[in-house]
Amino acid sequence: MENQKFYYDNKTVKLFLLATIIWGVVAVLVGVLIACQLAFPAFNFGLEYTTFGRMRPLHTNAVIFAFVGNAIFAGVYYSLQKLLKARLFSDVLSKIHFWGWQLIIVLAAVTFTLGISTSKEYAELEWPIDILLTVVWVIFGWNMIGTILKRRVQHIYAAIWWYLATFLGVALLHVVNSFELPISLIKSYPIYAGAQDAVVQWWYGHNAVAFFLTTPFLGLMYYYLPKAANRPIYSYRLSIIHFWSLIFLYMWAGPHHLLYQALPEWVQALGVTFSIMLIAPSWGGMINGLLTLRGAWDKVRDSAVLKFFVVAVTAYGMSTFEGPMMSLRNVNQMTHFTDWTIAHTHIAGMAWNGGMTFGMLYWLLPRIFRTKLYSEKLANTHFWIATLSILVYAIPLYWSAVTQWLMLREYTPEGFLAYPNFLETLTQILPMYTLRIISGIMFLTGFLIMVYNLFKTMAAGSVEANEAAEAPALVLAGKRKPLNETIHRWMERKTVRFSIWVFVALFIGGAIQIIPMIFIKSNIPTIDTVTPYTPLELEGRDVYVKEGCYTCHSQVIRPFRWETDRYGDYSKIGEFVYDHPFLWGSRRTGPDLARAGYVNGPMYKNSAWHYNHFMDPQKMNEQSIMPRYDWFAKKDVNLDMTPNKIRAMQTLGVPYPEGFDEQAVDDLLWQANQIVAELKLSGIEIEPTKEMVAMIAYMHKLGRDIEPNTNQNLDSHDTGE
């Protein structure tokens, strides 16, 4: 058969490689900044736009979608063409994909800095950018699947299975989690509330880690590690078991982020069970990767590429063992809401994703530019600095997690909390935060060494934008040949059927968790005394979301004695039925706020205290690491938007009286003037329309509805009942 001539598209790959390097530097820089902010509040700079609450989602999204995302697309597009012996499906789609993705990154950076956020972890983008993200992701899938369909090989290789699962998995997760009701160009509310929103969000959040930070990198591992080692993958059969079991089991594990919280027991049990089961396929993948290097360990000693791959695959194995262990209830009570979770995620991010990306960059970029790597010695230097920085990062945070947990649950011989003030435990672990800064600087130093090495490499070579290639045309066999072809090999020839089965495997776990939570009312028992937020409290809640307060404070109390003694009664599922979005949090850098308005509770503070605390936290307690929010006293709530917000809540099922939107502003001002009068008694003058007043109202709402003997008259007036 005569060979067909065609050209590989190296230009698109080069653009994504350059974007990976540039955005990677930005992501790590912001990471160093927020590490400094945690140890030294002065690094918040006293500015509205640079507080930890706004910078933290900027850092996580820059790492995930800018650095890692561009690396995925570069690695996928290069390997896809080589494996399929075909040019990318469409040059136009490739350009739209690249520039569309960079536009999303820029819009994310701008909106997060401005405080425009949904608060949903790893899904903080507001609705117009969500729609743009959907379009660009479909374009990526269209381009990839189109390339698969015009391939010149019979079977699709294991790496491509993972690429398909990535596209389908992320599409499913993003669409379901992003159902929201817009009220303006920059503001929306999720259609889910409370526990429902929590289940959907952590189904998304856990599986965003799975299908954006794991499955595509497993695909890259199956291609780039054998290429760099010049060895075939260890086991084809193991790769099949690894693939199907992993994509099926992962979708069930999300609720392990919500153990001991206001969630039905059956949902939590599902999360724990499937999390433990995930160890087997995950370690199967790690073994498949490491055993591929059998007979090539002498190469590992000298090759920075292989060393990065070995650390990456090992970290993948460690993280996928640690994650299931953290889902065990007795372990989770310690690791959740502490720095253990932060250490865990950064081992995965810095070592697994970072290691695979660095190894791929060192292997791929010289080939794209048709030259040798400028300096193998600098690459090895980068490897040792990066590896050491990961240890310097993780070990102190594990130490701080155990230290803080032991302090939080310690009692005196008389039966009282030994450290009733949360800040007492935080000050003990601040030295660990200083070590985190050192680690970040080390990681950044290694990254900059790589940037220098790669740019010197690029300067010495040039890219052949359209690389000539040839291969025989594909002749697809129709029916399965039972004697010499397994079912899976037959499926590998049938791309559409393969993709359908992938989607089915992905869909089952999410559907079984989410559909009952949304449509079976008995899963969400209500509490009669829980009332909707007043207009002023709703505005305060939106300020809370805008400032990213949820990044440091949780709003859910677990049923442990040391939590209920410190914060108040444990949280019930019916408390959150009007919460769009839920704000349970995932890390306590500050105390829990679920009972901040509980007048007879240990967390209650009066209006003057809240005012002074927002104006200057260090004045209230010099050891506090909270940023200043003095602009709350200067910025006005947008009263023009208040009626829209009430109507949106009514659409979402919040039982405000009919026509309440028309009196919402008057109601807001009535309640605001009560707070203004209270502040005046303490010598504080402020206008009722300021954000400060709204935030104080929101703080006083938290937990108040279920406090015994609490006067509910204010709520009745505010909701028009």
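The values are calculated or read from the model by the stated rules, or taken from the named source; none is laboratory data. All values derive from a computational prediction rather than experimental measurement. Here Cβ is always computed from backbone atoms with ideal geometry, including for glycine, and neighbour counts include all displayed protein chains.
Considering each residue of segment 442-461 in turn, at least one proves to be buried (at least 16 other Cβ atoms within 10 Å of the Cβ) and not in a helix (DSSP H, G or I). Scanning segment 290-335 for residues that are closer than 30 Å to residue 270 by Cα, touching a residue at least 40 places away in the same chain (Cβ under 8 Å) and of a type in the set (Gly, Ala, Ser) yields 312, 315, 323, 327. Restricting 89, 45 to residues that are over 25 Å from residue 358 (Cβ atoms), in contact with a Ser or Thr (Cβ under 9 Å, 6 or more places away or on another chain) and without any contact (Cβ under 8 Å) to a residue 40 or more places away in the chain narrows the list to 45.
Picking from residues in segment 648-677 that are of a type in the set (D, E, K, R) and crowded, with 16+ Cβ neighbours inside 10 Å, the one that is nearest to residue 185 (Cα to Cα) is 661.
Residues considered: 545, 556. Of these, the only one that is of a type in the set (A, V, I, L, M), within 29 Å of residue 251 (Cα to Cα) and part of a loop (DSSP other than H, G, I, E, B) is 556.
The helices (runs of 4 or more DSSP H) found entirely in segment 279-396 that carry 3 or more residues being at pLDDT 95 or above and either of a type in the set (D, E, K, R) or not assigned by TED's automatic domain parsing to the domain that holds residue 451 (or both) are 279-291. When we screen 217, 211 for residues that are under 21 Å from residue 508 (Cα atoms) and assigned to a helix (DSSP H, G or I), the only hit is 211. Taking the criterion of being of a type in the set (A, V, I, L, M, F, W, C) and in contact (Cβ under 8 Å) with a residue 40 or more places away in the chain, the residues of segment 278-289 that qualify are 278, 279, 287. The residues of segment 60-100 that are within 11 Å of residue 147 (Cα to Cα) and of a type in the set (S, T, N, Q), listed by number, are 81, 90. Annotation note: of 682, 716, the sole residue that is surrounded by fewer than 17 Cβ atoms within 10 Å (Cβ to Cβ) and modelled with pLDDT of 95 or more is 682. Determine, yes or no, whether residue 96 is touching a helix residue (DSSP H, G or I) at 6+ places or on another chain (Cβ under 6 Å), surrounded by fewer than 23 Cβ atoms within 10 Å (Cβ to Cβ), more than 30 Å from residue 393 (Cα to Cα) and of a type outside the set (D, E, K, R). Criteria met by residue 96. Within segment 209-226, the presence of at least one residue that is at pLDDT below 95 and small (Gly, Ala, Ser) is confirmed. When segment 397-416 is limited to residues that are surrounded by fewer than 16 Cβ atoms within 10 Å (Cβ to Cβ) and either in the same structural domain as residue 561 (by TED's automatic domain parsing) or not aliphatic (A, V, I, L, M) (or both), the one that is nearest to residue 330 (Cα to Cα) turns out to be 410.
Taking the criterion of being polar (S, T, N, Q) and either surrounded by fewer than 18 Cβ atoms within 10 Å (Cβ to Cβ) or in a helix (DSSP H, G or I) (or both), the residues of segment 105-133 that qualify are 111, 113. Counting only residues that are touching a residue at least 40 places away in the same chain (Cβ under 8 Å) and surrounded by fewer than 18 Cβ atoms within 10 Å (Cβ to Cβ), segment 241-270 holds 2 of them. Filtering segment 418-468 to residues that are within 30 Å of the chain's Cα centre (by Cα) and acidic (Asp, Glu) leaves only 424.
Among the residues of segment 102-124, the ones that are touching a residue at least 60 places away in the same chain (Cβ under 8 Å) and not small (Gly, Ala, Ser) come to 11 in all.
Summed over segment 398-441, residues that are basic (Lys, Arg) and either in a helix (DSSP H, G or I) or in contact with a His (Cβ under 9 Å, 6 or more places away or on another chain) (or both) total 1.
Here is the figure for segment 218-262: residues that are within 17 Å of residue 512 (Cβ to Cβ) and among the aliphatic types (A, V, I, L, M) total 5. For the residues 8, 77, the requirement of being in a strand (DSSP E or B) and at pLDDT 95 or above singles out 8. As a summary of the residue check, residue 644 satisfies the conditions (1) surrounded by 15 or more Cβ atoms within 10 Å (Cβ to Cβ); (2) over 19 Å from residue 566 (Cα atoms); (3) over 31 Å from the mean Cα position of the chain (by Cα) except for the one numbered (3). Note on segment 136-182: residues that are closer than 20 Å to residue 99 by Cα and among the hydroxyl-bearing types (Ser, Thr, Tyr) total 1. Is it fair to say residue 237 is over 26 Å from residue 203 (Cβ atoms), basic (Lys, Arg) and not in a helix (DSSP H, G or I)? No, not satisfied. Applying the criterion of being surrounded by fewer than 20 Cβ atoms within 10 Å (Cβ to Cβ) and of a type in the set (S, T, N, Q) to the residues of segment 569-607, the residue that is modelled with the highest pLDDT is 606.
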